[in-house]
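The structure under discussion appears below in the form of structure tokens.
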Ligand SMILES: Nc1ncnc2c1ncn2[C@@H]1O[C@H](COP(=O)(O)OP(=O)(O)O)[C@@H](O)[C@H]1O
Ligand SMILES: [Mg+2]
């Protein structure tokens with residue numbers, strides 16, 4: 001059944017950020033009509049969607065009203081109202097990823113409990129409804145506090161290195177997990193469609209900014225041995241099957257110095273760590289997500305070339321109407337693929353765009369990436 005080839009078919013997307021924008025760009029290649037809902041009139045996805053709705057993706061009635069006009073709905077961010085999605089599902093709207101999986105993955109406590117229940121390796125943790133109660137415990141080892149909801153880009157995460165850090169606890173129900181020292185961080189994106197095909201991209205390595213707790217650059221393929229890559233692939237596939245999830249799932253993992261793999265967190269949508277696939281893989285993560293939710297054959301995850309991706313972040317100290325410095329110089333370099341998301345205002349460390357550097361040699365790509373990072377600045 002070619003459900004998307006008719007003019008009436010509407011793919012609804014909750015969230016109109018850069019992930020929604022890049023998803024729509026791929027949907028256009030398949031001539032899929034899109035409707036997007038976001039509360040920001042300047043949402044990056046709005047200018048390229050067929051229909052736009054101003055609305056709050058967290059409010060039941062707004063999501064429900066929006067969804068009624070769609071045949072298929074998906075998300076670009078997991079913080080959405082799932083009560084509305086369950087109602088829509090009952091009324092025959094196809095929703096992928098399914099509401100049951102979104103509910104687990106939108107809450108860090110439910111995620112961790114799920115990993116434990118399904119024997120997915122993860123760091124030990126405990127839960128406190130009131131994080132201040134930790135002050136009554138003896139400080140035994142470094143811990144990481146994560147608020148159960150509303151965290152992203154390191155915002156809901158606080159590393160407790162000693163008892164003095166108890167002063168600066170985050171507010172709200174939280175999990176506290178063991179701090180994993182000197183871990184290498186990788187991400188594996190896996191896709192599954194309704195007919196049961198599962199494809200997994202090669203692991204990518206995430207290198208973090210020392211202070212902003214944001215990915216500074218991303219190296220693909222990850223510089224890890226084959227055995228670890230196979231193990232990571234198996235864990236990602238086991239997780240998507242355990243969740244019974246249709247769509248794509250980005251699984252962030254830690255590799256300890258002893259070679260143990262622990263799942264950090266996962267997200268049922270296109271992910272920052274998969275941007276490079278737009279140019280470096282036979283099938284991009286966005287196209288793969290569309291194929292999965294439309295129950296089309298999944299595309300090849302083979303890489304065409306090595307790549308390094310850097311996020312284009314708002315420079316600290318600048319807020320306001322955005323300006324980009326250094327674009328001409330950067331575009332002189334072969335293999336530089338520039339993506340600007342169209343956000344009108346910059347803020348310190350806000351994700352404004354990204355650059356993928358393609359090169360058959362990953363070390364070469366890394367040195368180009370460093371040069372680009374120093375040259376290209378986002379200011380106001
Ligand atoms: N248990 C941990 N041990 C060491 N570092 C951690 C741990 N948990 C999180 N971090 C660091 O904080 C970053 C952000 O945490 P994460 O849970 O992925 O939250 P976010 O939703 O902000 O991505 C991780 O990528 C990692 O660098
Ligand atoms: Mg993360």
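Miscellaneous remarks
- Our compactness index for the chain, the C-alpha radius of gyration over the empirical 2.2 N^0.38 Å, is 0.97.
- Beta bridges per DSSP with both ends in the range 10-95, % antiparallel, nearest 5: 0
- Computed [θ] at 222 nm, helices only, for the chain once each DSSP H run of length n ≥ 4 contributes -39500 (n - 2.57): -7500 deg cm²/dmol
- Ranked by the mean number of other Cβ atoms within 10 Å per residue, highest first, peptides 11-19, 317-325 order as 11-19, 317-325.
- Here is the P(r) of the range 184-251: all C-alpha pair distances, binned every 10 Å from 0, give 21, 44, 28, 6, 0 in whole percents.
- Spatial separation of Cα centroids for the range 316-380 and the range 203-256, in angstrom: 23
- Where the alpha-carbon atoms of the range 232-331 are placed on the principal axes, they occupy 45, 38, 28 Å, in descending order.
- Grouping the Cα pair distances of the range 44-138 into 5 Å bins from zero gives a pair-distance distribution of 2, 11, 18, 17, 14, 12, 9, 9, 5, 2, 1, 0 percent in increasing distance order.
- Over all pairs of different C-alpha atoms, the range 258-302 has a mean inverse distance whose reciprocal, the Kirkwood radius, equals 11.9 Å.
- Convex hull volume per residue in cubic angstrom - Cα atoms of the range 134-215: 140
- Between the range 60-105 and the range 145-175, the alpha-carbon centres lie 29 Å apart.
- If you wrap the Cα atoms of the range 39-81 in a convex hull and average its projected area over all directions, you get 3.1 nm².
- Normalised per residue, the volume of the convex hull around the Cα set of the range 124-178 (Å³): 74
- Rg/Rh (Cα only; Kirkwood hydrodynamic radius) as it applies to the range 10-95: 0.93
- Protection-proxy order for peptides 263-275, 367-379, 332-344, each taking the mean of Cβ atoms within 10 Å per residue, highest first: 263-275, 367-379, 332-344
- Here the range 184-379 is treated as a Stokes sphere of Kirkwood radius computed over C-alpha pairs; at 37 °C and 0.692 mPa s its diffusion coefficient rounds to 190 µm²/s.
No value in this document is a laboratory result; all are computed from the given coordinates. If you're wondering where the values come from, they're calculated on a predicted model, not measured in any experiment. Cβ sites come from the backbone with ideal geometry, for glycine too, and all protein chains shown count toward neighbours.
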